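A short worksheet on the structure shown next.
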Amino acid sequence: MSWNNADHALPRWRQIELALLDEIERKSLAPGARLPSEHDLAQNFGVNRATLRRALAELQQKGMIRIEKGRGAFVREAPIAYAIGRQSRFGQNLANQNITSRVQILRAAEIPAPADLARRLEIAPGTPVVFFETLSFADGVPLSFTRHQLPAARVPGAPVEVAGFSCISDVYARFGLGDVTRRSTRITARLPDADEAHQLRQPMTRPILIAETIKIDPAGRPVDDTIARFAADRVHLLVGEDMDFD
C-alpha cells in the first residue's frame with residue numbers, strides 16, 4: 001500500500017483514505033479481508049496513529065470498512081440477502097448464494113415461561129420451556145444471534161442432549177416435531193446490549209435487526225418462539241420469500 005499517485009495538496013489523512021479506497025476498489029483488499037494493524041499502516045504511510053485513525057474513521061463512515069474493537073479493521077462485505085418466508089432453513093438460504101454457513105448452539109436450559117412467552121406459545125404461565133441460543137455464521141462472520149424457546153414437554157431432556165445438535169433443525173428432527181413453519185414475524189431495530197454486540201462482533205453503537213417469529217407444527221400449534229438478532233450492516237431481510245430462520 002502506498003500513496004505514490006496521491007494528490008499531495010490534500011491532507012495526509014485524506015491521501016491515506018484514497019490510497020486504501022483504491023486498494024479496496026481494485027480488490028487488492030478483498031471483501032471481509034482484515035487490514036494491516038494500525039501500527040503497520042501508520043509506519044507504511046509515515047504518519048502518526050491519530051492521522052491514520054482519521055482516515056479509517058472516514059472509510060468506516062462511508063461504509064467501506066468496519067472496525068471491530070480488539071480485532072481491527074475489515075473491508076466491509078456486501079450485505080447478504082436473507083429471505084424470510086414460510087419454510088426452508090438458514091443453511092439452504094445461504095447455500096443458494098454460494099455462501100458457506102455454520103450454526104453453533106451456544107447454550108441451552110429449561111426455565112419457567114413468563115406470562116408474555118406463555119401467551120405466544122399458548123401454554124400456561126410457569127410451564128417449563130427449553131431455550132436454545134444459537135450463533136449463525138456466513139463465510140465465518142457472525143450473522144445472527146438467535147434465541148429459540150420451545151415448550152419443554154415437546155422436547156423432553158433436550159438441554160442434556162445439546163452436544164448432539166448442530167442447529168435447531170436437529171432439535172426439530174430429534175423430537176419429531178414435523179414440518180415446522182413460520183406463522184408470523186415482526187421485524188424491529190435497536191442498539192444491541194453487551195452480549196449481543198460481543199456475539200455479533202460489533203460495537204454497541206451499531207444497530208441490529210430483530211426478527212421475532214412464531215413457528216408452528218403441522219397441526220398449527222406454536223412450537224418455537226424465536227428471536228433472531230441480525231447484524232444490520234451485514235444483511236438485507238427480504239419478506240415474502242419461501243424461506244425461514246434456523
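Each value in this text was obtained by applying a stated rule to the coordinates, not by laboratory testing. From a predicted model like this one, the values you see are computed outputs, not experimental measurements. Backbone-built Cβ (ideal geometry, glycine too); neighbour counts: all protein chains shown.
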Net dipole in debye of region 1-120 [+1 Lys, Arg Cβ; -1 Asp, Glu Cβ; about Cα centre; nearest 20]: 440
I'd like to know how the chain sits against the 2.2 N^0.38 Å rule of thumb: what's its Cα Rg over that expected value? 1.22
Relative to the first principal axis of the alpha-carbon coordinates of the chain, what is the inclination of helix 12-25, with its axis defined by its Cα atoms, in degrees from 0 to 90 and to the nearest 10? 60
Dipole magnitude of region 116-246 about its Cα centre (Cβ charges: Lys, Arg +1; Asp, Glu -1), debye to nearest 20: 280
Dipole of the chain, positive direction: furthest Cα of Ile99, Gln199, Phe137, with charges on the beta-carbon: Gln199
Take the alpha carbon atoms of region 52-120, find their center, do the same for region 131-193, and report the distance between the two centers in whole angstrom. 15
Taking the Cα centre as origin and putting +1 on Lys and Arg beta-carbons and -1 on Asp and Glu beta-carbons, what dipole magnitude results for the chain, to the nearest 20 debye? 400
Residue (of Ala108, Pro159, Thr51) at the positive-pole extreme of region 25-164, dipole from beta-carbon charges: Thr51
Where does each of 166-178, 142-154 land if you order them by average Cβ count within 10 Å, highest first? 142-154, 166-178
